[in-house]
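Asks: Have a look at this one before I ask anything.
Read-outs: derived from the displayed coordinates by stated rules, not from any lab. The shown structure was predicted, so the numbers you read here are calculated from the model rather than taken from an experiment. In this analysis, Cβ positions are derived from the backbone assuming ideal geometry, glycine residues included, and neighbour counts consider all displayed protein chains.
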């Protein structure tokens with residue numbers, strides 16, 4: 001089932017999230033489903049995984065819909081600046097990758113690291129899907 005796959009994916013996704021959140025200026029990173037449920041998180045104390053996951057899904061869906069409505073391709077990266085933070089969202093096959101960063105963090109560096117993390121996450125997700133589709137798998 002989907003919930004079982006999400007529980008299985010969380011620990012496997014820790015390494016790409018750890019590398020991503022080691023980037024200067026990054027305060028948190030997470031993978032959320034399209035519905036806003038956290039799959040894997042690397043957060044600081046007092047950061048709310050559910051709130052950030054819901055934000056990733058809501059902003060990600062809205063941005064993807066807006067980009068699709070323009071007829072110019074698909075969303076690659078959404079950047080949302082606020083006075084005290086920057087949210088960066090990238091779509092994934094399993095949902096969205098979100099980074100919470102300092103407002104003056106190096107966007108180019110973070111975007112590059114998000115690209116690497118997203119590739120690793122997609123590879124892990126594909127492996128889990130293949131395992132679950134095998135005879136005796138969870139599906």
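Asks: For 80, 96, what's the fewest-to-most ordering of other Cβ within 10 Å of each Cβ? Kindly include the intermediate steps, with their values, before the conclusion.
Replies: Numbers: 80 12, 96 28.
Listing 80, 96 from fewest to most nearby Cβ atoms yields 80, 96.
Asks: Where a ≥ b ≥ c are the square roots of the eigenvalues of the C-alpha gyration tensor, would you call segment 1-127 rounded, which needs a/c under 1.5, or, failing that, prolate if a/b is larger than b/c, or oblate?
Replies: Working: a/c = 1.41, a/b = 1.08, b/c = 1.31.
In terms of gyration-tensor shape, rounded.
Asks: With springs only between Cα atoms under 10 Å, which of 46, 12, 90 fluctuates most in a Gaussian network model of the chain?
Replies: Answer for the Gaussian network model of the chain: 46.
Asks: Can you sort 104, 34, 50 so the residue with the fewest Cβ neighbours within 10 Å comes first? The partial results should precede the final answer.
Replies: Values: 104 9, 34 16, 50 12.
Neighbour counts put them in this order, fewest first: 104, 50, 34.
Asks: Just to confirm my numbers, what's the Cα centroid distance between segment 110-133 and segment 22-38 in Å?
Replies: 14 Å
Asks: Moving on to the next point. Relative contact order for the chain using alpha-carbon pairs under 8 Å, separation at least 6, rounded to a whole percent?
Replies: Computed over the chain, the figure is 26 percent.
Asks: Pulled fully out, how much extra length does the chain show between residue 131 and residue 49, if you take 0.36 nm times their separation in residues and subtract their Cα-Cα distance?
Replies: Numbers: separation 82, 0.36 × 82 = 29.52 nm, distance 2.73 nm.
That works out to 26.8 nm of additional length.
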